[in-house]
Amino acid sequence: MNKKKIIALVGIPLLIVVIIALVITHMTKPEKSDKGFVFDKSSNIKLKDIETYYEVIDFKKQNTKDYFKDEIVNPYTLKFFMFLTDNFKEFDNEKDLLENINKYLYSIMPSDMADKIFAFYRKFLSYQLSLGEKTRQWGMPKTTEEAIDFLHKIQDYRREVFGRDVADILFGASVKAEEYPMRRTAILGDKNMYGAEKEKKLKQLNEDMWGEEADKVDAYAEPYVRYKEKLAMYEKDFSGMNEYEKQAQIRTIREEIFTKDQVKRLEDVDKAVADNEKKEGDYKASESEIMNDPSLDKAEKENKVQELQNQMFGEDADAFRRRLAIQRATEEKFKRK
């Protein structure tokens, strides 16, 4: 095995995440995979397991053997194996890589534990190489359905290599952490669906995938993230409303998610933005009158524009002029292309 192949091993899990992210970004409607869920509520993968999956662990600073004192195969095994591959990536071939990892394991844990972990790591290393070839054969998924089938294929292959129980312990949380946002984003991104229907489908998705923990899923997102998601959810509804109805619906959404003080601060921001937009609109109209006045020469126009800026923006006039100069320079650049 050459150095490029060894280094590539580190990137395979990341590649899978990137592939899924690309599909999520370009999804236009929710599609249902013929195979259904990869891991649904019956899988026994809980929200705490997703937390563990995203947990950052620096094994250099940890007493590593404590993570494996009960079982060699657990939610931390994959993290540790990726740590090993990454930290010994300077070795040019498989023989040197394995020799150095073997020495390292014996230096940080009891020999019987090191034996078991090393044997399992060798199998993992072989799997990583074969997975890279498999994913190239399967090709890049382009739809939600293909991406979910892609996850199925990966996990089915893992089960062939490691056995169902071991594969699901090692990779189940990562797969569910990828599958759930994919399905959720597909629902949110459906421009033909009204907000109430999306909410109904999201509730069903949560129940199907998380069972008794369904009500806890949304709480994991920060309030502002949930707010922006809710606005996206009601995009079709907003398109059929007048401005008064739209603002009333937005206020209702805000009151569901934020405290009274937070709603008030958001409204203050809205007012400040609206006032600023009106001020800049008024400025542009007045500036246009000055620039189009045939009785003024170039110097007089420049003086009057500066006076106008000082009058309308006060102590912020210099900042406004800088921003305006950058904006117009950018616009001019694009015009020349």
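Nothing in this text is a laboratory measurement; each read-out follows from the coordinates by a stated rule. Predicted model, so just to flag it, every value in this text is computed and none were measured. Positions of Cβ are backbone-derived with ideal geometry, glycine not excepted, and every protein chain shown enters the neighbour counts.
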Tell me, yes or no, whether the stretch 169-188 has at least one residue that is within 18 Å of Glu229 (Cα to Cα) and surrounded by fewer than 16 Cβ atoms within 10 Å (Cβ to Cβ). yes
Of the residues that make up the stretch 87-97, is at least one part of a helix (DSSP H, G or I), out of contact with any Asp or Glu (no Cβ under 8 Å at 6 or more places or on another chain) and crowded, with 16+ Cβ neighbours inside 10 Å? yes
Between Glu212, Glu229, Glu207, which is part of a helix (DSSP H, G or I) and either free of Cβ contacts under 8 Å to residues at least 12 places away in the same chain or surrounded by fewer than 15 Cβ atoms within 10 Å (Cβ to Cβ) (or both)? Glu212
Cross-chain or 6+ apart pairs with Cβ under 9 Å, the stretch 269-280 first and more than 18 Å from Arg254 (Cα to Cα), then of a type outside the set (A, V, I, L, M) and in a helix (DSSP H, G or I): Lys279/Phe313; Glu280/Phe320
Which members of the stretch 58-115 meet the condition of being in contact with a helix residue (DSSP H, G or I) (Cβ under 6 Å, 6 or more places away or on another chain) and free of Cβ contacts under 8 Å to residues at least 24 places away in the same chain? Phe88, Ile101, Asn102, Leu105, Tyr106, Ala114
